[in-house]
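The values are calculated or read from the model by the stated rules, or taken from the named source; none is laboratory data. These numbers were taken from a predicted model, which means no experiment stands behind them. Cβ placement follows ideal geometry from the backbone for every residue including glycine, while neighbour counts extend to all protein chains displayed.
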Amino acid sequence: MPQPIERRKVEPYRYFNFALLHTTGVGEIFNFMRYNCAFLARQHDFQMLLEASDAEHYSDWMTRQLAILLCRYDWAGKTKAHWEYGMLLSRQRFEEVTDVSTLYELSADHTELRAPSKPTLKFEHILTTEGTLQYVLEVMYRNRAFPHSEKDARVIEQAFYPHSKEEPVKVELRNYLGVEAEWQLPNS
């Protein structure tokens, strides 16, 4: 059972900022997540990515319009979110969500805009995981994690293509928690 390769105390994150990423296909969302320290914020999007990862015809997913709810670990609140709009591609739009009632309507997994005051999100955890694309996606979703590096994001994105389906996916994932904790891993 893999455990974090690194745990370190960092400047604590105090807020969760949400946004809908409107995109075509699943191609570049993981690098956007990495750059913004953002994770999947609703089960619907996780299920959709699982479906896309198992699709016989990936070309059907390359042109599909998607709206993925992301949540960013952040130092500032909803009025000063640090989303990196410069990372958006020409075919992508971004819509910040700052209202809790809208998060309920969007079926967000959680609607807290502020991390608990004790403990704040002060521990960075990095995990190396290897398995099928579906396994890696589930580890990310369960642990509010995102790719650790640009290389890791690229490995996940390429694993959606049919020629990569048979290869195991090995990546590092990162998240932030208020305590030093173990990762929740799916049953193999």
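Report whether or not Trp75 is at pLDDT below 90 and touching a helix residue (DSSP H, G or I) at 6+ places or on another chain (Cβ under 7 Å).
Here the answer is no, as Trp75 does not meet what is asked.
Which one is nearest to the chain's Cα centre (by Cα), of the residues in region 135-162 that are more than 22 Å from Leu69 (Cβ to Cβ) and outside any helix (DSSP H, G or I)?
Of everything passing the filter in region 135-162, Ser149 is nearest to the chain's Cα centre (by Cα).
Scan (1) modelled with pLDDT under 90; (2) surrounded by 19 or more Cβ atoms within 10 Å (Cβ to Cβ); (3) farther than 20 Å from Ala115 by Cβ for the single condition Leu21 breaks and write down its number.
(1)
Mind counting the residues in region 92-134 that are in contact (Cβ under 8 Å) with a residue 12 or more places away in the chain, part of a helix (DSSP H, G or I) and either surrounded by fewer than 19 Cβ atoms within 10 Å (Cβ to Cβ) or over 17 Å from the mean Cα position of the chain (by Cα) (or both)?
Number satisfying all stated conditions: 2.
Can you pull out the residues in region 32-47 that are surrounded by fewer than 22 Cβ atoms within 10 Å (Cβ to Cβ) and closer than 13 Å to Gln92 by Cα?
none
Could you tell me which numbered condition Gly27 fails, if it satisfies all but one of (1) at pLDDT 80 or above; (2) within 16 Å of the chain's Cα centre (by Cα)?
Unmet condition: (1).
If a residue has to be touching a helix residue (DSSP H, G or I) at 6+ places or on another chain (Cβ under 9 Å) and at pLDDT 85 or above to count, how many in region 54-70 make the cut?
6
Take Arg144 and decide whether it is farther than 26 Å from Pro162 by Cβ and touching a residue at least 60 places away in the same chain (Cβ under 8 Å).
yes
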